Amino acid sequence: MKRNEDGTTAIEFAIVAVPFFMFIFGLMGVSSYFFIMTSLEKGMDQSSRLIRTGQAQTANMTVNDFKQSVCDKAGTWVKCNKVQVFVQKFADWNLVQPQPCMSNAKSVVNSAKGTDPIANYSGASNDIVLITTCYKWDFATKIPYLDLGQMNDGSMMMQASTAFRTEPYAAN
């Protein structure tokens, strides 16, 4: 007696398809996260050199100018309107605390006024400076089967920080 096996491949694929596509979408989401995070860190690290060497302070760069520099160096896939930049100066390394990107209500914390000179926040020569860059990543809301977002609207807040002592430079 011979069995009819027509359609068994379709049934087997239907059983395997859901976990397979969950894996593929998850892999794409996590890869996208690491790509954006690396780009954001690159932009912040390269732009922070302007503060570390005193170029931003002596050129009277504003907070918006510095933020735009971070965005330009991060790449076009990082949306600048979703970037927040916090620059803080400290007297001692023991006092260094990163600026939170989210409030307790899970919403975005606003950064400094964009027209303020960056020197108001970065201090002077030989000061300890902490730069925190925050990015509201909306793609997290679009990944099926993977809940990455920790904000009220389902998006995810990415944060990168760097701390350094500024080099000696001649002030204006």
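The values are calculated or read from the model by the stated rules, or taken from the named source; none is laboratory data. What you see is a predicted model, and the numbers here were worked out from it, not measured in a lab. Glycine gets a Cβ as well: all are built from the backbone with ideal geometry, and neighbour counts include every protein chain shown. Side chains included, ligands, DNA and RNA excluded: accessible areas come from the protein's heavy atoms. Shrake-Rupley method; radii C 1.70, N 1.55, O 1.52, S 1.80 Å.
Only one of (1) at pLDDT 85 or above; (2) open to solvent by less than 20 Å² (accessible area, probe 1.4 Å); (3) within 18 Å of Val63 (Cα to Cα) is not met by Cys101, so which one is it?
The failed condition is (1).
I need the full set of residues from region 75-106 which are under 19 Å from Gly154 (Cβ atoms) and either charged (D, E, K, R) or touching a His at 6+ places or on another chain (Cβ under 7 Å) (or both), in order please.
Once the filter is applied, which keeps residues that are under 19 Å from Gly154 (Cβ atoms) and either charged (D, E, K, R) or touching a His at 6+ places or on another chain (Cβ under 7 Å) (or both), region 75-106 yields Lys79, Lys82, Lys106.
Identify, by number, the condition in (1) open to solvent by less than 30 Å² (accessible area, probe 1.4 Å); (2) in a loop (DSSP other than H, G, I, E, B); (3) among the hydrophobic types (A, V, I, L, M, F, W, C) that Trp77 doesn't meet.
Failed condition: (1).
Here is a yes/no grid of residues against (1) at pLDDT below 90; (2) part of a loop (DSSP other than H, G, I, E, B); (3) within 30 Å of Ala124 (Cβ to Cβ):
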{"position": "Glu5", "(1), (2), (3)": "yes, yes, no"}
{"position": "Phe25", "(1), (2), (3)": "yes, no, no"}
{"position": "Ser32", "(1), (2), (3)": "yes, no, no"}
{"position": "Ser48", "(1), (2), (3)": "no, no, yes"}
{"position": "Gln57", "(1), (2), (3)": "yes, no, yes"}
{"position": "Asp65", "(1), (2), (3)": "no, no, yes"}
{"position": "Gln68", "(1), (2), (3)": "no, no, yes"}
{"position": "Cys71", "(1), (2), (3)": "no, no, yes"}
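Working carefully through the options Met44, Met37, Met61, find the one that is touching a helix residue (DSSP H, G or I) at 6+ places or on another chain (Cβ under 6 Å) and modelled with pLDDT of 90 or more.
Matching residue, one of Met44, Met37, Met61: Met44.
Of all residues in region 8-34, how many are open to solvent by 80 Å² or more (accessible area, probe 1.4 Å), under 28 Å from Val83 (Cα atoms) and either without any contact (Cβ under 8 Å) to a residue 12 or more places away in the chain or of a type in the set (Lys, Arg) (or both)?
2
For a quick check of your reading of the model, give me the residue pairs whose first member lies in region 89-112 and is under 23 Å from Trp137 (Cβ atoms), whose second is small (Gly, Ala, Ser) and modelled with pLDDT of 80 or more, with beta-carbon atoms closer than 9 Å and at least 6 apart or on different chains.
Pro98/Ser161; Pro98/Ala163; Gln99/Ser161
Taking only region 118-166 into account, find how many residues are within 16 Å of Ala56 (Cα to Cα), among the aliphatic types (A, V, I, L, M) and modelled with pLDDT under 85.
The number of residues fulfilling the criteria is 1.
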